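Here it is, the structure, as structure tokens.
The values are calculated or read from the model by the stated rules, or taken from the named source; none is laboratory data. A quick note: this is a predicted structure, and the numbers were derived from the prediction, not measured. As a convention, Cβ positions derive from the backbone with ideal geometry for all residues, glycine included, and neighbour counts pool all protein chains shown.
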Amino acid sequence: MQDGNTNASAVENTQRECYLRAREIAINQGLTITVYYPNGGIKAVINPRNKGEEESKCFITTSCVKYFELKDDCYELETLRKFRDKYLLKSNKGRKLVSQYYEIAPALVRQLESSPNKKKLFKRVFTDIQASCKAIEEKNYEEAREIYKNAVSRLFNYFKSV
């Protein structure tokens, strides 16, 4: 179902058939779709620009983790995934922020990973990620959101000016 649409775009018999049909519709109509677990956590994001392949769900953090050779289940990724699923996705404002992030983050990661200044940029972003995780630990959720949001905005503005 598209945002703002009250009618289903398709009805299928199984979850797998539904997933495949949603993927097909997304690719054909140039839409990005988000597949959720029953608990509200994000299972997959499918972007037609990537030929319908599923994308990582913590784009910038995942890129930083790979750069610093940490595991996919490291503290930072696990903390931010839980924060997204248990806090951000529970409100309209948070869902909108996550959706906006999913629109811009893949391009930011491509630019970040190919930047001649990537060492400095990764270090700065990872410092912000760690500060956001610390705020989450302290249950300062709005502060954590702002720290991460500002880190993404700084990257966006940096690459916009380059």
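Going by the structure shown, is residue 56 at pLDDT 75 or above, polar (S, T, N, Q) and closer than 20 Å to residue 126 by Cα?
So residue 56 does not fit the description; no.
Please specify each residue of the stretch 17-31 satisfying the condition of being over 22 Å from the mean Cα position of the chain (by Cα) and surrounded by 13 or more Cβ atoms within 10 Å (Cβ to Cβ).
The answer is 18, 21.
Could you please find all residues in the stretch 146-162 being under 16 Å from residue 104 (Cβ atoms) and without any contact (Cβ under 8 Å) to a residue 60 or more places away in the chain?
Scanning the stretch 146-162 gives 149, 150, 153, 154, 156, 157, 158, 159, 160, 161, 162.
Considering each of 139, 123 in turn, give the residue that is over 16 Å from the mean Cα position of the chain (by Cα), modelled with pLDDT of 90 or more and assigned to a helix (DSSP H, G or I).
Result: 123 is the single residue among 139, 123 that is over 16 Å from the mean Cα position of the chain (by Cα), modelled with pLDDT of 90 or more and assigned to a helix (DSSP H, G or I).
Now for a different question. Can you tell me which residue within the stretch 32-52, out of those that are surrounded by 13 or more Cβ atoms within 10 Å (Cβ to Cβ) and not in a strand (DSSP E or B), is modelled with the lowest pLDDT?
52
I'd like to know if the stretch 106-116 contains one or more residues that are loosely packed, with under 13 Cβ neighbours inside 10 Å, in the same structural domain as residue 78 (by TED's automatic domain parsing) and not hydroxyl-bearing (Ser, Thr, Tyr).
Checked the stretch 106-116: at least one residue is loosely packed, with under 13 Cβ neighbours inside 10 Å, in the same structural domain as residue 78 (by TED's automatic domain parsing) and not hydroxyl-bearing (Ser, Thr, Tyr).
Now for a separate question. Being outside any helix (DSSP H, G or I) and modelled with pLDDT under 90, is that true of even one residue in the stretch 73-91?
Yes.
What residue, of 138, 103, is free of Cβ contacts under 8 Å to residues at least 12 places away in the same chain and either under 16 Å from residue 81 (Cβ atoms) or of a type outside the set (Lys, Arg) (or both)?
138
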